[in-house]
Every structure is written in structure tokens, then in C-alpha cells.
Amino acid sequence: MKTIVHEIPYSPASNLDEEIFTASSVFFDIETTGFSPAHTSLYLIGCAYHIEQMLYIKQFFAETPEEEKEVLEQFLLLLDGFDTIITFNGIGFDIPYLKAKCNTYECNEHFADFTYVDIFKSISQIKHILQLPNYKQKTIEAFLGIGRNDLYSGGELIEIYHSYTKEPRPDKLEILLLHNYEDVLDMPALLPVLSYVHLFYGQYLSCSASVSEYTDYKQQEKKELILSIEPEFPFPKHISCRMGSVYFYAKGKKCTLSVRLEEDALKYFFPNYKDYYYLPAEDTAMHKRVASYVDKEHRRQATSATCYTRHKGSFLPQYEELISPSFKHDYKEKISYFELTEKFLSSPELIKSYVNHLLEAIKNKKIKIKLTSYQAQLNCEFLLLFST
């Protein structure tokens, strides 16, 4: 078995790096000859950790499949010095694979005792927002502008490893080690991508609201609510998307949600429609205590769809009832609206509640996202990059 150690000067790229990648945290990545631990070999584990201003990358390499157990044991010894494990899809693959190998070799493991940060699992929760071609580590690296010297995928390295076990040439070893080395070297640089995840889980410092005017494509004057959000962590890359009447923009330390105002007469639907008459001439519903004086030919029993009164104002969309009273265009419409008032604009609590509501609706796909031209162009560039 070979053990390779690299020492590299280290400084955190952002305060998010400092918060997650502490002295008690370790990154790791494994290389195997397949997915099934029962029928494949573990041949390489790479780890990254830092002590003060130095980053250490340690790799345990099995020169033959028979050294698999030794690689596993050396890795477990290293883990004893940490309490947090940071991976890229480690929860989905690496940890279950290693636990199965530990069971095979009757190695004592305590993976259940660690705190985990899985970059892939975290970012997958908002992949519909980032709209990248896929969520492989190399794709995230490309999105963040992280370069690589390694030209191989993990699958392509399997044949190279088999070939190395038969003919252990230095050039083959270099290829095998480089891929794993860059995987763990680049993992700390991936952490800033979690800034988007933090935002959509309501982790930001402050927010404010203002009304702005704009001219639409028909050259008509319109109004929108601008929700300015101060993120807890800066965003590494510009992303933006439109969702119906909501436009999301994030870049650096700036984040906004622009919500187009609905300036119209919307319908407020009364509960207990059986207690109301609908007056077709006035296009409104009226309680029977009052409407009983209207001629029968000018009234009819209200239904759930006709039991409303109209109210004119400026309205904001809500994707479940957050602020009452709520209004709609039609009874079966899924989106409801609440009226924009001075009370709302002067209330930090209501503004924050609405910001959280919109972030939650975007995260949970309650609003259909459309790519902006910028994001569409970015994805085309990624597709070209990974097709060559």
C-alpha cells in the first residue's frame, strides 16, 4: 500500500468556508472498480483537512486488491481525529460502500457518530433553480470556474487500475492519483455553492421592500415590489430566473426578488355561499339578509364560484394563504393575492414573512421557473464544454 501526502498553503475563500471547513472537519473521496461493494474493489481513498494555514491531502492507495483492507484501516485511523465529514455524494455512495467493506473485514467503524455535510445532496435540493446540465462534481467546478488537469472520469479509471495491477507503471499511477487528488483538492472550493442553499432555507441577514415603476414590453407603465435581501454568504456566481410574476436575481452580496403588482379588480370569495345570492347585473354576491329585498328575477342562489365581491387595488401573489384577506381572479385559481398596503410596507415582520414565503415557493417548485437568457446561454456553454 502506498500513502501519499501533499502539503499546500491554505486560506478560506469565504466566511462560508470558515464556518463549514473547520479544524475538526475532513473531506474525503473514494475510488472503486464499480458500484457494488460485494463484487468490486476499493483501491484509493483521498482525504483533505487543514491545520492552521496548511491544507493536507493524504491518499491511501492499494497497489493490488489484496491491500484493500489496509487502505480501509488507515482511513479509519485518520477519521478518529475529526467529528465532521464533508463529501460530494458521500451519503449516497461512499459511506454505504465503506460500511459494507467494514462489515466484510470486520473493521470497527463509527460513521454514525459524525456530523455530515454532503455538497451534492444539499445542492440537489435547488437544482431546478441553478438549472445546470447535471450535478456531477466537475460540472459544479466548471460553474464556479474551477479548472482541472485531470481528464478522466471515475469510470474510465477502472480499466487503468486493472492495467496497473498487472503492470505497475508510474504514468498509470500518476493518472489514478491525479483524479482523486483533484477531487479532494477542489472540494473546499465547492463550498461557496452552498450559499444558494442557505438562502432558500431562509438564512439571510436582513430584507427590505420598496415599490418601483417600470415600462413593460408594450410600453405601458407598471409597478413592482422590490424585495432586497442581504445574504448571509456571498454568491459565487450570478444566477437569475423568472417564475410567473416573480423575478429572482443573485450576484455577490446582492439578491432581489422583484414581484410584479397585479393592478386590477380582484374577487374576494365569501365563505358559506349558501347564505348569499348572486346578483348578475351587479356581478356581485350579497348576503340573503340584504338581498332578500331584491326582485327574484334579479338574483339567484350563489354558488362557490359566484359568491364574491370585487375589490380594486394593487395586489401581490401568494402560493398558499399567507396574508388575509386573499383575492383571486377566479374561484378555481390556485394562486391567491393579498393587497399591498402601507401596513405591509412598514412592517419588517410581514416583509420577512413574504420573502420566506416566496423563497419556500421557489424551493418547493410551487412556481414554474423559466430560464433567463443569461442562464440559458450559460447552460449552452456547459453543454458544449462537456460534449467535447
Original post:
Residues of region 201-243 with amide nitrogen under 18 Å from the 7 Å Cα-to-Cβ point of SER353?
Top reply: 202, 207-210, 227
Subject >> region 167-313 - percent of accessible surface contributed by carbon and sulfur, probe 1.4 Å >> reply: 49
Original post:
Put SER245, SER208 in order of accessible area, largest first, 1.4 Å probe: what do you get?
Top reply: SER208, SER245
**OP:** Work out, step by step, the length gained on full extension between ARG148 and ARG289: first 0.36 nm times the residue separation, then minus their alpha carbon distance; give nm to one decimal.
**Re:** 43.1 nm
Subject >> Estimated 222 nm signal from helices in the chain, with DSSP H stretches of n ≥ 4 weighted -39500 (n - 2.57), rounded to 500 >> reply: -9500 deg cm²/dmol
**OP:** For GLU63, enumerate residues with amide H under 5 Å from its amide H, sequence gap 5+ or separate chain, H modeled in the peptide plane.
**Re:** LYS2
**OP:** Net charge near PHE315: determine it from the other residues with C-beta under 9 Å of the C-beta of PHE315, scoring Lys and Arg +1 and Asp and Glu -1.
**Re:** -4
Original post:
What are the GluC sites (Glu not before Pro) within region 80-148 that DSSP puts in a loop, where the Cβ has at most 10 other Cβ atoms within 10 Å?
Top reply: GLU106
Original post:
For percent of Cα pairs over 25 Å apart, the choices are (i) 60; (ii) 66; (iii) 50; which was calculated from the structure?
Top reply: (ii)
Original post:
Which is the longest run of the chain containing none of the trypsin sites (Lys or Arg not before Pro) found in DSSP loop states (not H, G, I, E, B) with at most 14 other C-beta atoms within 10 Å?
Top reply: 1-217
Subject >> Pairwise FRET efficiency - LYS254 versus GLU159, Cβ, R0 = 51 Å, nearest 0.05 >> reply: 0.60
Original post:
Per-residue HN-Hα couplings for region 7-12, Karplus 6.51 cos²θ - 1.76 cosθ + 1.60 at θ = phi - 60°, whole Hz, x for Gly and Pro?
Top reply: 10, 9, x, 9, 8, x
Original post:
If you put +1 on each Lys and Arg Cβ and -1 on each Asp and Glu Cβ, how big is the dipole of region 1-54 around its Cα centre, in Debye rounded to 20?
Top reply: 300
Original post:
Of all GluC sites (Glu not before Pro) in region 1-66, which ones are in loop regions per DSSP and have a Cβ with at most 16 other Cβ atoms within 10 Å?
Top reply: GLU52, GLU63
**OP:** Starting from the Cα-Cα distance between SER324 and LYS368, subtract it from 0.36 nm times their residue separation and give me the gain in nm to one decimal.
**Re:** 13.4 nm
Original post:
SER11: net charge of surrounding residues, Cβ under 12 Å, Lys/Arg +1, Asp/Glu -1, itself excluded?
Top reply: -3
Original post:
Rounded if a/c is under 1.5, else prolate if a/b beats b/c, else oblate: with a ≥ b ≥ c from the C-alpha gyration tensor eigenvalues square-rooted, which is region 264-304?
Top reply: oblate
Subject >> Computed magnitude of the charge dipole of region 102-239 (debye, nearest 20; Cβ of K, R +1, Cβ of D, E -1) >> reply: 460
**OP:** Quick one, could you list the DSSP H helices from the chain stretching 27 Å or more along their long axis (Cα atoms) with average Kyte-Doolittle hydropathy of 0.0 or above?
**Re:** 170-190
Original post:
So which chymotrypsin sites (Phe, Trp or Tyr not before Pro) in region 268-307 end up in coil per DSSP with only 13 or fewer other C-beta atoms within 10 Å?
Top reply: TYR293
Original post:
Which value, in debye to the nearest 20, gives the size of the charge dipole of region 228-267 about its Cα centre, when Lys and Arg are +1 and Asp and Glu are -1 at the Cβ?
Top reply: 260
**OP:** Could you check the simple spin-label distance between ASN134 and GLU174, using points 7 Å along Cα→Cβ, in nm with one decimal?
**Re:** 2.8
**OP:** First check a/c for region 201-273, with a ≥ b ≥ c the square roots of the eigenvalues of its C-alpha gyration tensor; if it is under 1.5, answer rounded, and if not, answer prolate when a/b is larger than b/c or oblate otherwise.
**Re:** oblate
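The values are calculated or read from the model by the stated rules, or taken from the named source; none is laboratory data. The structure displayed is predicted, hence computed values, not measured ones. Cβ: placed from backbone, ideal geometry, glycine included. Neighbour counts: every protein chain shown. The accessibility values were calculated without ligands, DNA or RNA, using every heavy atom of the protein model including side chains. Shrake-Rupley method; radii C 1.70, N 1.55, O 1.52, S 1.80 Å.
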